[in-house]
Amino acid sequence: MSKSFLFILISLSFIHLAILFVSFQLQDKMKLSVSKSFSVQLGEMKQEVKKTQLKNFQEKNSNPLSEARLEPEEATQAVSQESGQAQDGPKNDYKAELRELIEKNKYYPTMSQRLGQTGTVVISFLILGDGTISDVKIDSPSAFERLNQAALEAVQKVVKFKPIPKEFGQDKMELRVPLKFVIL
């Protein structure tokens, strides 16, 4: 009887190890698929910015008598009428590079993935002239605290970025970054 009990105990241990191994494999695949999807989303966002810039340029130049005053958010998508090139191309590149860094820092909490929690968290923060990130806060939370905390930490991990280029004419920039958590 003790040999059969020992055999059952060893068999259960092997089954348990196999289950752990499979769960770690699945967890690694989920992390990989999440990071790939955000890279794709970032590329799509860059294309949308370019389309919006072209559309804004065409709309503003269709009536030469109209003098539209640009709001701060519209100014980031303004197009130079003299040269036909984006005025804020370097500014958009700067922001895109910062966003990529934030996306690299982002992680999808394992428990949130298991529970099927998804959502978008909008984080706002200041980037000072020397590249220091400050005043990081949740501007628009998701319904799940774990996702909110993960998004907050993704921005806080940056701490310092490249200094704001002098040609931007700004000593600080206020930014809002939406961070999406999606299970594929």
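The values are calculated or read from the model by the stated rules, or taken from the named source; none is laboratory data. Here the structure is a predicted model, which is why all the values come from computation and not from measurement. All Cβ positions, glycine included, derive from the backbone under ideal geometry; neighbour counts span all protein chains shown.
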Item to complete: Could you tell me which residue of the range 150-178 is surrounded by the fewest Cβ atoms within 10 Å (Cβ to Cβ), considering only residues that are more than 26 Å from residue 140 (Cα to Cα) and without any contact (Cβ under 8 Å) to a residue 24 or more places away in the chain?
Response: 169
Worksheet entry | Some residue of the range 125-135 being under 13 Å from the mean Cα position of the chain (by Cα), surrounded by 18 or more Cβ atoms within 10 Å (Cβ to Cβ) and not hydroxyl-bearing (Ser, Thr, Tyr) | no
Worksheet entry | Test: residue in the range 93-105 that is basic (Lys, Arg) and touching a Ser or Thr at 6+ places or on another chain (Cβ under 6 Å) | no
Worksheet entry | helices (runs of 4 or more DSSP H) contained entirely in the range 35-147, each with at least 3 residues that are at pLDDT below 95 and closer than 21 Å to residue 166 by Cβ | 89-105
